[in-house]
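Step one of this worksheet: look at the structure below.
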Amino acid sequence: MELAEALRELDAPIVIVDDHYAEPDVSNLDGRRMGQLARTLTSNKTAHRAVKGLLGAKVLGAAQAAKRAVTPEGAALLWTAYAVDPGAHSYLDPLFQDALQERARDLQRLREIEAFCQTRTGKTPLTFSSLEKAKDALRGCAMAFVDFNLTGSTDVHDSIALHQSFAESYRATFTLSGMEWPKIVVLISSRMPNQSELVLFREATQLRAAFFNSLRKNQISQQRLEDEMKRWEASYVAAAELDRYLQHAGEAVNAAATEVRRNIDRLETHDLAMLDAFKLTAEQETLQSYVTWLIAESLASRLRRQETLQAPLLTNRISNAPLDGKMMPNSVLFEMFADVATSPAATESTISFGDVFSVTGAGSESDTDHWVVAISPACDLVRCDASYDVLCIRGQASKAASNLKSMMGFKNALFGKGSHVMRYQGKRGALKYAHVHWDHTQGLHSVKASDLIAGKTYRRIARLSDAFAQEIKELALSHASRVGIPVDPAFAIAATANVRMRLKRPVRDGEIIEHEQCLAGEDFTCAVASRAKVIDGVRTKLETMLVLTPQFVSWLHEEFLEQVRQKLGNQPLPLLDEFVTFFKAWTLPQLTSSSPKGASEFDGRVVVRYGAVPEGTCPDNRLEIYLTEQES
């Protein structure tokens with residue numbers, strides 16, 4: 001099923017919601033307009049008869065008819081006829097012409113959407129002036145254009161609250177070919193929220209970025225909508241499959257949790273007492289720790305064997321992921337993976353396999369960058385006394401920070417090979433990320449259990465999951481086989497751009513034209529920087545991957561190069577036209593930029609680098625793009 005098919009097959013595929021579709025308020029017509037109408041009716045008997053007919057009164061003089069016409073009830077009757085065919089009721093121009101012209105201006109951009117919908121689907125879109133009137137139509141449509149400011153208020157939070165109350169209609173799927181499909185929601189506004197406010201909007205409505213877009217009304221044209229439609233169509237089916245899988249995954253989590261909860265409710269207290277007395281006491285294992293572990297493992301096991309996740313749900317790969325420069329990227333997958341690798345520090349007085357401790361200096365108020373992880377066998381640790389020598393491996397923490405941005409420049413893997421990214425609570429309570437490299441070649445040593453437990457020299461901060469702790473142990477003991485770990489997802493950083501260009505015109509004794517512009521503070525993200533593994537022959541290497549957004553590429557040829565053309569005095573320059581042609585064809589560029597020279601495109605005439613603008617000038621006949629971290 002393609003998106004174009006849905007737009008053709010559904011009875012009402014597209015819905016537009018905008019308060020400009022509301023009928024204008026014509027109830028407050030003044031005496032001047034009444035006088036103009038009275039004079040028209042006096043001189044035009046045909047108009048006089050028509051007004052009397054519309055008002056439902058057979059006997060009314062011109063002055064009386066004009067007086068009744070400006071009452072709220074009379075104005076409403078006359079406006080209904082006039083709005084349908086102003087030409088046939090031109091005698092009412094003194095009353096309504098200004099209101100009609102103002103309404104036409106307000107609806108100008110919406111008419112562009114209507115024309116686009118008519119061309120694309122052969123059907124007239126359903127239009128509504130409020131979400132309350134549109135809610136039923138919204139549930140079954142394939143695409144919705146919705147005005148952001150429907151409350152009449154300029155407060156962004158009021159508008160978000162209104163949309164949140166209709167979020168269920170936005171998220172409702174439509175049925176086609178026996179399957180459920182998500183709709184595309186396009187937010188339109190003359191005063192579009194900024195990026196952080198759009199994040200709040202999507203969090204409130206729970207709309208995925210793949211099925212969401214935002215357009216300023218002054219950007220709306222049939223050609224712009226057609227360009228956006230091609231982007232949506234390119235990835236819609238694969239994105240819908242991913243969305244469907246996530247829906248199934250969420251339902252599977254609830255089903256697994258319900259099954260585990262049912263077993264918990266069946267447990268009797270004497271079952272726990274017997275377990276503790278007959279098994280755990282002899283093993284020196286605490287009842288709470290064991291039962292918590294058992295519940296967690298039971299939940300994971302039941303989730304993996306849920307029938308909804310056994311069927312092949314993902315049959316397509318997204319070759320070009322839909323990326324919108326208006327959306328801030330997140331690192332949810334990476335954070336989830338970090339949570340799998342490490343769990344918060346336990347409060348129990350015993351030591352467990354995989355416990356991680358920060359080495360604190362005497363009287364220090366903060367953690368140092370020296371850490372240790374306990375790798376003694378779990379069965380020994382549960383029975384050990386204070387004098388037991390716990391086998392540990394030293395680690396070195398680096399790049400400790402409250403976010404992941406500091407790790408973007410790392411050349412080595414963030415997980416595996418004896419290193420991990422750990423999310424932990426610092427000594428002062430703040431949540432931090434740190435990259436820890438465990439010295440499995442020379443860092444093997446022992447620490448008294450009493451020292452680890454006392455909390456003076458060592459502070460317990462986290463616990464590695466079994467797979468990761470076991471991998472460090474295997475490395476340290478030089479075992480032949482190692483425990484494999486899952487692929488760690490990449491995180492993403494929003495980037496803004498500095499663009500500069502230098503052109504040389506040979507026809508004017510080598511005249512130089514230079515232009516430079518910084519996009520910091522613009523209302524769109526220029527690019528997203530992420531980490532990627534790139535195959536280099538038979539080896540793989542880590543590179544910084546840069547994905548430029550469509551908004552930024554459009555800005556390059558629509559605004560930046562046009563400004564260069566103005567500096568040229570609008571004189572023709574074939575090279576500049578070649579740059580424009582290149583950028584118009586540059587669709588969702590994905591570039592690697594770990595080299596100091598950056599990524600080179602367009603025969604070396606376009607260079608993209610991740611870093612600050614260097615000193616010096618741009619080489620002749622070249623355009624350079626320097627991407628740096630965008631402030632949140």
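The values are calculated or read from the model by the stated rules, or taken from the named source; none is laboratory data. Quick caveat: nothing in here was measured; it's all calculated off a predicted structure. Quick reminder, even Gly has a Cβ in these numbers, built from the backbone with ideal geometry, and neighbours come from all protein chains shown. To get the accessible areas, we keep the full protein, side chains included, count just its heavy atoms, and leave off ligands, DNA and RNA. Shrake-Rupley method; radii C 1.70, N 1.55, O 1.52, S 1.80 Å.
Observations
- Separation of the Asp227 and Gln517 label points, Cα + 7 Å toward Cβ, nm: 1.4 nm
- Values of log10 I(q)/I(0), in the order q = 0.09, 0.12 Å⁻¹, for the chain under a Debye, Cα-only, solvent-free model: -0.97, -1.32
- Each Cα pair under 8 Å and six or more residues apart adds its sequence gap; the mean of these over the residue count of the chain is a relative contact order of 10 percent.
- Segment Ser446-Thr617, length gained on full extension (0.36 nm per residue, minus Cα span): 55.8 nm
- Relative contact order %, the range 31-102, counting alpha carbon pairs below 8 Å whose residues are six or more apart: 34 percent
- Between the listed residues Pro312, Tyr290, Ala273, the Cα displaced farthest toward the positive end of the dipole of the range 266-318, a dipole computed from Cβ unit charges relative to the Cα centre, is found at Pro312.
- Within the range 547-632, antiparallel bridges make up roughly 45 percent of the DSSP beta bridges whose residues both belong there.
- Applying both filters, DSSP loop and at most 10 other Cβ atoms within 10 Å, to the trypsin sites (Lys or Arg not before Pro) of the range 23-95 gives Lys58.
- At a probe radius of 1.4 angstrom, the accessible area of the chain per residue rounds to 52 square angstrom.
- Rounded to 5, percent antiparallel among DSSP beta bridges of the range 52-195: 40 percent
- In this simple spin-label approximation, Gln118 and Ser298 carry label points 7 Å from Cα along the Cα→Cβ vector, and these lie 6.4 nm apart.
- Accessible surface, 1.4 Å probe, highest first, among residues Tyr424, Tyr245: Tyr245, Tyr424
- The chain, helix-only ellipticity at 222 nm - DSSP H runs n ≥ 4, -39,500 (n - 2.57), divided by all residues, nearest 500: -12000 deg cm²/dmol
- Computed E for Glu203/Glu307 - FRET, C-beta separation, R0 25 angstrom, nearest 0.05: 0.20
- Taking all protein chains as shown and a probe of 1.4 angstrom, Ile512 keeps an accessible surface of around 60 Å².
- Heavy-atom accessible area for Thr80, with the other protein chains in place and a 1.4 Å probe, reaches approximately 90 Å².
- Extended-chain gain in nm, criterion 0.36 nm per residue less alpha-carbon gap, Ala273 and Ala257: 3.3 nm
- Placing one equal scatterer on every Cα of the range 31-102 and applying the Debye formula, the log10 ratio I(q)/I(0) at q = 0.11, 0.12, 0.26 Å⁻¹ is -0.21, -0.25, -1.31.
- Surface composition of the range 66-163: carbon and sulfur atoms hold 49% of the protein heavy-atom accessible area at a 1.4 Å probe.
- Among the listed pairs Lys123/Lys230; Lys405/Lys541; Lys183/Lys230; Lys183/Lys432; Lys432/Lys456; Lys432/Lys473, those whose Cα-Cα separation exceeds 27 Å are Lys183/Lys432.
- Lysines whose Cα lies under 27 Å from that of Lys567, excluding same-chain neighbours fewer than 8 positions away: Lys504, Lys584
- Given their separation in residues at 0.36 nm each and the Cα-Cα distance between them, Ala104 and Thr540 gain 151.0 nm when the chain is fully extended.
- Rough spin-label spacing in nm, given labels placed 7 Å along Cα→Cβ, for Ser387 and Ile264: 4.2 nm
- Only the Cβ atoms of Lys and Arg (+1) and of Asp and Glu (-1) were treated as charged; on that basis the dipole of the chain about its Cα centre amounts to roughly 1100 debye.
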